[in-house]
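Engineer: I have a structure here, written as structure tokens, and I will follow up with some questions on it.
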Amino acid sequence: MKLRRTAFAALLMLPCLGADECHDVKGVKVYLSPANHGGGNIGCNGFNEDDGARASAQIAAQVLGEHGYVVMVGTGNYEANFNESNAWGADVHVPVHSNAGAWGCQEDSPANLGGTWGMYRTEGSAGQQLAAAILESVGPVSPGTNDKLDRRTDLLELKTQARAAYAEMGFHTYYWDVVWMAFDANSAGRALAAGIHKHCLVVGCKNAGAAVADEPLELTARRAAADFDRVDGGPRPDVVDALSERLWELDPALADAVVAVTEVDGVLVVELHDIRHLGTGHQFWAAGIPRMVFALTELDELVFTIEGESAPFCEWTESDCLALARE
């Protein structure tokens, strides 16, 4: 069990709280984007990711407002919230979600089946610092122990004009994280607010656009995934066989997930059957499947499709719908 502390105590421990060197946070515009999967992401004991994320976001918005931030809580899906945040001119953009992995819905499930993840886009950026501050604040409060700072270059909401970081508060597939998110949303929301507040006090968030910090990622343009919908290419049966074996080892239900793998203009295209009923897009990433595929090929770009179309996969994983690049 992790050492727990209250978000209030975390705020008291801020190194510059009330000092002259603290950055001014009054008027900083924070956009919180709670998960909105249409009620489809259900975890242990019927826990609904959308409801849990919104409860935490509402508490965080209230606490941040008390510190002088101007806060908007999105009500749309990830694309609508991305557009609304940009139009509003947010300084900080934080999607609020819960994660999914191997199921552990019993009281004695191992604690490493849960935990908090902070996700960012660019190494060395202020967005990475924001994700780290959120993880530092929320991680000690959430029951699971698999806390992680993770780089994701595919997520649309990490490409806002504002500085952005994902807050995966806990795992809705782990019993004790669900208990915490369902029955102590006040603690979760206050911890999230404390992480954002600490970052903005120490680093500064006014006019905190991400364009300059994230520009190096765009030096090599990533091609649109839709360009590879139902295209003919050179078959790669070697990758089909190796990937199918590894997916079976991961979960026997995935043994027949791969329809075909082809090479098209230097891009590896992996066509999957519709596996969305087997889990969430979060689980697909948490299982490391994209890294698994890159390990099987010499190519540096990768596209996944579902039944030959990229759009269903992009919506499932909330991605920017561009070809994935080897990291």
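The values are calculated or read from the model by the stated rules, or taken from the named source; none is laboratory data. For clarity, every value in this text was computed on a predicted model and none was experimentally measured. Here the Cβ positions follow ideal geometry from the backbone for every residue, glycine too, while neighbour counts run over all protein chains shown.
Engineer: Which of the numbered conditions does Arg222 fail, given that it passes all the others? Conditions: (1) under 29 Å from Trp103 (Cβ atoms); (2) surrounded by 15 or more Cβ atoms within 10 Å (Cβ to Cβ); (3) modelled with pLDDT under 90.
Structural biologist: (1)
Engineer: Additional query: In the set Arg121, Arg152, which member is surrounded by fewer than 23 Cβ atoms within 10 Å (Cβ to Cβ) and either of a type in the set (Val, Ile, Thr) or in contact (Cβ under 8 Å) with a residue 60 or more places away in the chain (or both)?
Structural biologist: Arg152
Engineer: Here is a follow-up. When residues of region 50-72 are filtered for being more than 20 Å from Thr116 (Cβ to Cβ) and in contact (Cβ under 8 Å) with a residue 40 or more places away in the chain, how many remain?
Structural biologist: 7
Engineer: Those residues that are in a loop (DSSP other than H, G, I, E, B) and either touching a Pro at 6+ places or on another chain (Cβ under 7 Å) or within 24 Å of Leu156 (Cβ to Cβ) (or both), I need them from region 219-256; list them, please.
Structural biologist: Taking region 219-256 as the starting set, the residues that turn out to be in a loop (DSSP other than H, G, I, E, B) are 219-223, 229-233, 236, 251, 255-256.
Hits for region 219-256 are Leu219, Thr220, Ala221, Arg222, Arg223, Asp229, Arg230, Val231.
Engineer: Is region 275-286 home to any residue that is outside any helix (DSSP H, G or I) and surrounded by fewer than 18 Cβ atoms within 10 Å (Cβ to Cβ)?
Structural biologist: At the first step, the residues of region 275-286 found to be outside any helix (DSSP H, G or I) are 275, 279-280.
Applying the additional criterion that residues be surrounded by fewer than 18 Cβ atoms within 10 Å (Cβ to Cβ) yields none.
The answer is no; no qualifying residue exists.
Engineer: Given the structure, is Asn112 at positive phi and either in the same structural domain as Glu315 (by TED's automatic domain parsing) or polar (S, T, N, Q) (or both)? Give the steps one after another, and end with the answer.
Structural biologist: Details: at positive phi: no; either in the same structural domain as Glu315 (by TED's automatic domain parsing) or polar (S, T, N, Q) (or both): yes.
It is false that Asn112 is at positive phi and either in the same structural domain as Glu315 (by TED's automatic domain parsing) or polar (S, T, N, Q) (or both).
Engineer: Could you tell me how many of the residues in region 257-271 are in contact with a Phe, Trp or Tyr (Cβ under 9 Å, 6 or more places away or on another chain), over 13 Å from Gly308 (Cβ atoms) and not in a loop (DSSP other than H, G, I, E, B)?
Structural biologist: Looking only at that region, the number is 2.
Engineer: Among the residues of region 103-127, which ones are part of a loop (DSSP other than H, G, I, E, B) and touching a strand residue (DSSP E or B) at 6+ places or on another chain (Cβ under 9 Å)?
Structural biologist: Just the residues of region 103-127 that are part of a loop (DSSP other than H, G, I, E, B), to begin with: 103, 105-110, 114-116, 121-125.
The answer is Trp103, Cys105, Ser109, Pro110, Gly114, Gly115, Thr116, Arg121, Thr122, Glu123, Ser125.
Engineer: A follow-up question, please. Answer yes if at least one residue in region 238-250 is modelled with pLDDT under 95, surrounded by 15 or more Cβ atoms within 10 Å (Cβ to Cβ) and of a type in the set (Asp, Glu), and no otherwise.
Structural biologist: No, that holds for no residue.
Engineer: For region 195-212, name all the residues that are within 19 Å of the chain's Cα centre (by Cα), aliphatic (A, V, I, L, M) and part of a helix (DSSP H, G or I).
Structural biologist: The one that is within 19 Å of the chain's Cα centre (by Cα), aliphatic (A, V, I, L, M) and part of a helix (DSSP H, G or I): Ile196.
Engineer: Take Ser56 and decide whether it is among the hydroxyl-bearing types (Ser, Thr, Tyr), surrounded by 20 or more Cβ atoms within 10 Å (Cβ to Cβ) and either part of a helix (DSSP H, G or I) or at positive phi (or both).
Structural biologist: Numbers: among the hydroxyl-bearing types (Ser, Thr, Tyr): yes; surrounded by 20 or more Cβ atoms within 10 Å (Cβ to Cβ): yes; either part of a helix (DSSP H, G or I) or at positive phi (or both): yes.
The answer is yes for Ser56.
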